[in-house]
Amino acid sequence: MKKFLLLLPLLLVGVSLSNFAQSIPSSLEIGTALKQALEQGTIKSADQLSVVNGFFGNAAVKILLPPEAQKAEKTLRSMGMGKVCDDAILSLNRAAEDAVVQAKPIFIGAIKKMTLQDVTNILLGQPDAATQYFKLATTADLAAKFQPSIQVSLDKVNATRYYTTLATTYNRIPFVRKINPDIANYATQKAIEGLFVEIAVQELSIRQNIGMSRTTPLLKKVFAFADKAIKH
């Protein structure tokens, strides 16, 4: 009995070290978990923004008229043409909602190309490290993919017509600074910006486990390890 009591602290240390070792994820587990989290976050972001009012009903990403057109908007509203302005704004957001679903395969492709160093930098990096990675890795591809799609979407929801009407009506007013009736580039840029705003929200949710967003045992293990590593 005395011998057991003498050995008990060593046994407890052994169990503690064993549990500690089990709590440290392997490189494979870190890579798998983070890619799961990123795929979950990016797909959820695209899905949420692609529904009706995904952009228009979300104040954080709602697309307004371009800065150069906002003076025109104020003038036209004062002339009783508020509906023209409202139609143009609504249709810009509808075009973005229509196009943003195409982001999913681009993000999944970027995730598959991640190196172990990329994964580690993101896991132990700043709260928006994943969002910044995607900005660098996908913005050019998103713009190339979105541009033609946005143009089709703008035409489909009559945004081109509404904005052209707004611009040409305003441009007829004497002595005003003319605005460009081409809206596709602007809509593409704002759609991409809105997508990254939503991805940042999803990234923060997983990092802070908001709403129990760490949905698998592997996600819980890897992000619990990251929580401790970042604190220390």
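Couple of notes before you dig in:
- Percentage relative contact order, the chain, counting C-alpha pairs under 8 Å, at least six apart: 31 percent
- Acute angle (nearest 10 degrees) that the helix 82-99 long axis makes with the longest principal axis of the chain, alpha-carbon atoms: 40 degrees
- Matching label, Rg and Dmax of the Cα atoms in Å computed from the structure shown, candidates (i) 20.4, 71; (ii) 24.9, 102; (iii) 18.7, 60: (ii)
- Packing-based ranking of 134-140, 43-49 yields 43-49, 134-140, ordered from highest to lowest mean Cβ neighbour count within 10 Å.
- Alpha-carbon centroid distance for the pair the stretch 171-211 / the stretch 136-156, whole angstrom: 12 Å
- Helix-only mean residue ellipticity at 222 nm for the chain, each DSSP H run of n ≥ 4 adding -39500 (n - 2.57), per residue, nearest 500: -25000 deg cm²/dmol
- The modelled label-to-label distance for the pair K112/R161, using points 7 Å beyond Cα in the direction of Cβ, is 4.0 nm.
- Straight-line cross-link partners of K135 among the lysines, defined as a Cα under 20 Å from its Cα and at least 8 positions apart when in the same chain: K35, K44, K62, K104, K112, K113, K145, K190.
- Prolate/oblate/rounded label for the stretch 150-232 (Cα gyration tensor, a/c 1.5): prolate
Values quoted throughout were computed directly from the atomic coordinates according to the rules given, and no laboratory measurement underlies them. On a predicted model such as this, the values are computed, not experimentally measured, just so you know. Counting neighbours? That spans all protein chains shown, and the Cβs are built from the backbone with ideal geometry, glycine included.
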